[in-house]
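S.K.: Take a look at this one; I'll ask things after.
The values are calculated or read from the model by the stated rules, or taken from the named source; none is laboratory data. Computed from a predicted structure; not experimentally measured. Positions of Cβ are backbone-derived with ideal geometry, glycine not excepted, and every protein chain shown enters the neighbour counts. Ligands, DNA and RNA are stripped out before the accessible areas are found, and what is left, the full protein with its side chains, is counted by its heavy atoms. Shrake-Rupley method; radii C 1.70, N 1.55, O 1.52, S 1.80 Å.
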Amino acid sequence: MVTAEAPPYTLLVIEDEIEITRAVGAALREQHPAIVEASGGKAGLDAIKSSRPDIIILDLGLPDIDGLEVCRRIRAITDAPIVVLTARHGESDTVALLNAGADDYITKPFSTQELAARVAAQLRRAATPRRAPVSMNADGLSIDLHLRTVKRGPMVIRLTPIEWEILAVLVSDPGRVFTHQQMFTAVWKRAYGDARLYLRVHVTNLRRKIERDPADPHLIITEPGVGYRFIGES
Ligand code: CA
């Protein structure tokens with residue numbers, strides 16, 4: 001929930017389909033009256049310069065400039081969070097966008113509550129300094145990034161170095177979706193290898209150790225075809 005004390009955020013929606021723009025407006029206008037609309041990539045980039053939005057909602061399919069290119073150009077001029085609107089079958093495009101600096105994505109058709117929640121989460125993230133939490137508690141699990149310990153109650157959970165690295169990457173930015181490639185590069189420090197396959201094995205083992213029910217994970221969430229995110233409070 002955004003409280004009444006929250007600063008007035010400016011939102012920019014870059015989307016050529018008027019119905020989607022309307023749906024985004026309907027979902028967000030009550031909490032964020034300042035919504036700027038742009039119907040293409042060029043108009044969107046111009047609007048960033050003129051209205052300095054706090055968050056950008058970017059559609060992948062634009063008539064003039066490729067969505068990925070728009071995302072890269074946005075990143076070159078602002079740190080504002082980018083939430084991408086993507087089609088159901090656009091998984092590889094979504095991955096490319098996240099790798100190009102987008103912060104989150106939502107698949108069309110989306111629920112208005114889901115979009116509002118994603119936008120609120122990104123605004124919260126942007127408002128807090130980008131420093132990895134030192135410790136966090138999530139679902140009865142306590143994680144200390146400095147001491148490199150994970151406990152459930154008094155019980156110490158032993159992780160392999162790779163499992164620890166995977167957990168540390170996810171916990172460094174709770175709620176953010178990390179792509180397979182981003183995680184692989186961060187953990188294995190190299191770019192080649194089947195990122196998805198490597199991760200699947202170790203994430204399965206990690207879940208077995210930290211989740212209450214590894215078959216129904218509540219901490220490490222799978223984003224199908226894209227990657228993983230960690231759910232927890234710092
Ligand atoms: Ca479109």
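S.K.: Which of the residues that make up segment 16-56 are modelled with pLDDT under 95, aliphatic (A, V, I, L, M) and part of a helix (DSSP H, G or I)?
M.R.: I18, I20, A23, V24, A26, A27, L28
S.K.: Related question: Just the residues that are open to solvent by 10 Å² or more (accessible area, probe 1.4 Å) and either among the polar types (S, T, N, Q) or within 12 Å of the ligand (Cβ to nearest atom) (or both), please, taken from segment 39-60.
M.R.: Matches in segment 39-60: S39, S50, S51, L60.
S.K.: Quick check on segment 201-212. Is at least one of its residues at pLDDT 85 or above, under 30 Å from L11 (Cβ atoms) and not in a loop (DSSP other than H, G, I, E, B)?
M.R.: The first filter runs over segment 201-212 and keeps only residues at pLDDT 85 or above, leaving 201-212.
If we keep only those that are under 30 Å from L11 (Cβ atoms) too, we end up with none.
No - not one qualifying residue is present in segment 201-212.
S.K.: Out of the residues in segment 69-106 meeting the condition of being within 17 Å of D16 (Cα to Cα) and surrounded by fewer than 17 Cβ atoms within 10 Å (Cβ to Cβ), tell me which one is farthest from the ligand (Cβ to nearest atom).
M.R.: Per the criteria, the residue is E69.
S.K.: Please go through segment 19-37 and give me each residue that is open to solvent by 10 Å² or more (accessible area, probe 1.4 Å) and touching a residue at least 24 places away in the same chain (Cβ under 8 Å), ordered by number.
M.R.: Within segment 19-37, I20, A23, A26, A27, Q31, P33, A34, I35, V36, E37 meet the criteria.
S.K.: Could you figure out which of (1) surrounded by 19 or more Cβ atoms within 10 Å (Cβ to Cβ); (2) in the same structural domain as K209 (by TED's automatic domain parsing) isn't true of K151?
M.R.: In the conditions (1) surrounded by 19 or more Cβ atoms within 10 Å (Cβ to Cβ); (2) in the same structural domain as K209 (by TED's automatic domain parsing), K151 misses (1) alone.
S.K.: Let me confirm something: among A80, A47, A96, A23, which residue is touching a helix residue (DSSP H, G or I) at 6+ places or on another chain (Cβ under 9 Å) and farther than 27 Å from Y228 by Cβ?
M.R.: A23
S.K.: With the requirement that a residue be within 13 Å of the ligand (Cβ to nearest atom), of a type in the set (A, V, I, L, M) and in contact with a Ser or Thr (Cβ under 9 Å, 6 or more places away or on another chain), what does segment 13-37 give you?
M.R.: Selection gives V13, I14, I18, A23, V24.
S.K.: Considering each of T185, T94, T149, T86 in turn, give the residue that is without any contact (Cβ under 8 Å) to a residue 24 or more places away in the chain and within 18 Å of the chain's Cα centre (by Cα). Even if it seems obvious, please write down each step before you answer.
M.R.: On the way: T94 fails: without any contact (Cβ under 8 Å) to a residue 24 or more places away in the chain; T149 fails: within 18 Å of the chain's Cα centre (by Cα); T86 fails: without any contact (Cβ under 8 Å) to a residue 24 or more places away in the chain.
Answer to the selection: T185.
S.K.: Further question: Looking at this structure, is E114 in contact (Cβ under 8 Å) with a residue 24 or more places away in the chain and assigned to a helix (DSSP H, G or I)?
M.R.: Details: in contact (Cβ under 8 Å) with a residue 24 or more places away in the chain: no; assigned to a helix (DSSP H, G or I): yes.
Against the criterion (in contact (Cβ under 8 Å) with a residue 24 or more places away in the chain and assigned to a helix (DSSP H, G or I)), E114 does not qualify.
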